[in-house]
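K.L.:
Encoded as structure tokens, here's the structure I'll be asking about.
Every read-out reported here was derived from the displayed coordinates using simple, explicitly stated rules and does not represent laboratory data. As the structure is a prediction and not an experimental result, all values here were calculated from the model. Backbone-built Cβ (ideal geometry, glycine too); neighbour counts: all protein chains shown.
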Amino acid sequence: MARMLIDGFIAAGTCVPADIIVSTRSPEKLIPLAARHPGLIAAEDNRRTALSATRLFLCVKPMEIKGVLEGLRGAIRPQTHVVSIAACAELGYLNRIAPGRYTRVIPSLASALGGGVSLMCHGPGVPPADCAFVESLFASISRVQLLPEKDFAAGSDLTSCAPGFIAAIFRQFMEAGLRHSDIRPQDAERMVIETLYGTARLLARGGLGFGDLIANVATKGGITEEGMRCLEAELPALFDNVFAATLGKHEMVKRILSG
Ligand SMILES: NC(=O)c1ccc[n+]([C@@H]2O[C@H](COP(=O)([O-])OP(=O)(O)OC[C@H]3O[C@@H](n4cnc5c(N)ncnc54)[C@H](OP(=O)(O)O)[C@@H]3O)[C@@H](O)[C@H]2O)c1
């Protein structure tokens with residue numbers, strides 16, 4: 001995810017490589033990144049990164065946040081703006097480990113080509129200019145959605161988990177098509193992906209909402225309407241189960257984090 005953000009910010013022109021200092025646990029993994037972006041600075045360790053930075057991005061897994069922040073005690077300056085992208089690691093949790101000025105962001109892989117949504121929530125004490133800077137940075141690769149932290153878990157399903165969910169849903173859709181036809185799998189996959197792309201464009205740029213698009217396609221008494229009846233009967237319970245599973249996992253990780 002850190003790689004996607006760095007590539008995205010540089011491609012969007014909101015950062016130049018020389019603005020960016022990176023450190024990671026396995027430094028050899030920085031070699032291709034540094035080769036792709038001449039001028040980008042690879043620091044030897046996290047403390048050196050933190051000591052040189054005015055904005056610090058934490059892009060490690062939720063379970064690794066505590067160890068990383070503890071290792072940075074004394075290296076994060078009071079005015080440094082810390083941006084964490086870790087799921088489940090709430091502002092209160094971050095502040096208990098190392099008091100500071102935090103913003104939480106949940107990016108999405110959908111932003112790899114400049115789309116998707118970044119969820120954002122600023123903690124208390126982040127100056128308006130720093131809020132605005134980070135919002136504009138993420139706005140250069142995605143749409144920024146400010147959300148209260150309590151809605152981050154459900155919001156993450158809708159934006160950050162969603163690329164995986166959408167791929168899983170449409171794979172099942174395609175496989176049903178295969179079970180009911182002689183279409184070759186590679187043709188069916190392409191047919192569904194192109195349809196998904198066209199549908200997303202209609203929704204995103206064509207000014208149509210979900211209801212409008214359904215009404216346009218599912219004409220009264222037609223074939224689509226029959227399929228819609230099945231979807232409307234089956235999907236609410238299925239998606240409630242998905243949210244129950246993911247929200248349950250969020251709660252479990254938060255319990256583990258707060259130890
Ligand atoms: N993937 C997504 O779609 C997505 C979406 C939204 C939010 N997030 C959040 O983004 C965060 C990162 O996820 P990811 O998918 O990018 O995971 P990832 O590919 O495993 O990346 C985590 C990186 O952190 C490095 N790391 C671990 N411990 C470190 C330490 N002590 N010091 C410096 N670097 C350290 C790892 O190094 P090694 O290479 O040595 O393991 C790895 O490069 C997670 O907190 C996740 O909740 C992810």
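K.L.:
Which of the three applies to the range 204-244, rounded, prolate or oblate, going by the alpha-carbon gyration tensor with a ≥ b ≥ c and a/c under 1.5 meaning rounded? Display every interim value, and only then the final one.
P.N.:
Working: a/c = 4.34, a/b = 1.31, b/c = 3.30.
Here the range 204-244 falls in the oblate category.
K.L.:
For Val22, which sequence-distant residues (separation of 5 or more, or a different chain) have an amide H within less than 5 Å of its own amide H, given hydrogens modelled in the peptide plane?
P.N.:
Amide H neighbours of Val22: Ile41, Ala42, Ala43.
K.L.:
Which lysines have a Cα less than 24 Å from the Cα of Lys150, not counting those fewer than 8 places away in the same chain?
P.N.:
Lys61, Lys66, Lys249, Lys254
K.L.:
Which ³J(HN,Hα) values, rounded to whole Hz and listed in residue order, are derived for the range 194-203 from phi using the Karplus coefficients 6.51, -1.76 and 1.60 in 6.51 cos²θ - 1.76 cosθ + 1.60 with θ = phi - 60°, glycine and proline given as x?
P.N.:
Whole-Hz 3J(HN,Hα) from phi for the range 194-203: 5, 5, 4, 5, x, 5, 4, 5, 4, 6.
K.L.:
Nearest-5 percent of antiparallel DSSP beta bridges in the chain?
P.N.:
Values: 4 of 18 bridges.
Of all bridge pairs located within the chain, approximately 20 percent are antiparallel.
K.L.:
Starting with the fewest neighbours, write out Val68, Val192 ranked by other beta-carbon atoms found within 10 Å of each beta-carbon.
P.N.:
On the way: Val68 20, Val192 16.
Fewest to most other Cβ atoms nearby, the residues stand as Val192, Val68.
K.L.:
Please list 134-142, 202-210 highest first by mean number of surrounding beta-carbon atoms within 10 Å per residue. Display every interim value, and only then the final one.
P.N.:
Numbers: 134-142: 19.3, 202-210: 11.1.
The peptides rank, most packed first, as 134-142, 202-210.
K.L.:
Still on this structure, I have one more. So what is the 222 nm mean residue ellipticity for the chain from helices alone, if each DSSP H run of at least 4 adds -39500 (n - 2.57) and you divide by all residues, rounding to the nearest 500 deg cm²/dmol? Could you put the intermediate results ahead of the total?
P.N.:
Working: 11 runs with 144 residues, N = 259.
Roughly -17500 deg cm²/dmol at 222 nm, from the helical runs in the chain.
K.L.:
Under 20 Å from a point placed 7 Å out from the Cα of Ala204 along the Cα-to-Cβ direction: which residues of the range 70-108 have their backbone N that close?
P.N.:
106-108
K.L.:
Hey, another quick one. Give the aspartates and glutamates reachable from Lys220 as a straight Cα distance under 15 Å; neighbours fewer than 8 places away on the same chain don't count.
P.N.:
Excluding near neighbours in sequence, the set is Asp212.
K.L.:
Sort 183-190, 91-98 by the packing proxy (mean of other Cβ within 10 Å over each peptide's residues), most packed first.
P.N.:
Working: 183-190: 12.4, 91-98: 17.0.
Taking the mean over residues of other Cβ atoms within 10 Å, the ranking is 91-98, 183-190.
K.L.:
Among Thr54, Thr246, rank each residue by its count of other Cβ atoms within 10 Å, from fewest to most, as a rough exposure measure.
P.N.:
Working: Thr54 10, Thr246 17.
Lowest to highest Cβ neighbour count: Thr54, Thr246.
K.L.:
Related question: How large is the Kirkwood hydrodynamic radius of the chain, counting all unique pairs of alpha carbons, in Å?
P.N.:
Values: mean 1/r = 0.0480 Å⁻¹.
So the Kirkwood estimate lands at 20.8 Å.
K.L.:
Could I ask something else about it? Quick check on packing: order 110-121, 220-231, 147-158, 4-15 by the mean number of other C-beta atoms within 10 Å, highest mean leading. Mind dumping the intermediate values first?
P.N.:
Working: 110-121: 19.1, 220-231: 10.6, 147-158: 15.6, 4-15: 17.1.
With the highest mean Cβ count within 10 Å placed first, the list reads 110-121, 4-15, 147-158, 220-231.
K.L.:
Now a separate question. Under the 0.36 nm per residue contour assumption, what length would be gained going from the current alpha-carbon distance of Leu51 and Ala2 to full extension? Don't jump to the answer; show the numbers that get you there.
P.N.:
On the way: separation 49, 0.36 × 49 = 17.64 nm, distance 1.91 nm.
Extra length available between Leu51 and Ala2 comes to 15.7 nm.
K.L.:
Shifting gears a bit: Could you tally the net charge around Ser156, taking each other residue with its Cβ under 14 Å from the Cβ of Ser156, Lys/Arg +1 and Asp/Glu -1?
P.N.:
Every neighbour counted, the sum reads -1.
K.L.:
Counting alpha carbon pairs within less than 8 Å and at least 6 residues apart, what relative contact order, in whole percent, applies to the range 116-217? Provide the component values of the computation, followed by the final result.
P.N.:
Numbers: 50 pairs, mean separation 22.2, N = 102.
Rounded, it is 22 percent for the range 116-217.
K.L.:
How big is the range 2-152 in terms of Cα radius of gyration and Dmax, in angstroms?
P.N.:
In order Rg, Dmax, the Cα atoms of the range 2-152 give 14.5, 40 Å.
K.L.:
Put a dot 7 Å past each Cα toward the Cβ at Val16 and Glu234; how far apart are the dots in nm?
P.N.:
5.6
K.L.:
Here's a follow-up. Tell me, what ³J(HN,Hα) does each residue in the range 160-177 have, in order and in whole Hz, if you take phi through Karplus 6.51 cos²θ - 1.76 cosθ + 1.60 with θ = phi - 60° and put x for Gly and Pro?
P.N.:
Computed from phi, the couplings for the range 160-177 are 8, 6, 4, x, x, 4, 4, 4, 5, 4, 6, 5, 5, 4, 5, 5, 5, x Hz.
K.L.:
Okay, next question. Where nothing but the Cβ of Lys and Arg (+1) and of Asp and Glu (-1) is charged, how large is the charge dipole of the chain around its Cα centre, in debye to the nearest 20?
P.N.:
Numbers: 27 positive and 25 negative charges, 181 e Å.
In debye, rounded to 20, the chain gives about 860.
K.L.:
Here is a further query. Rounded to two decimal places and with Rh computed the Kirkwood way over Cα pairs, what is Rg over Rh for the range 162-257?
P.N.:
When Rh is taken as the Kirkwood radius, the ratio is 1.05.
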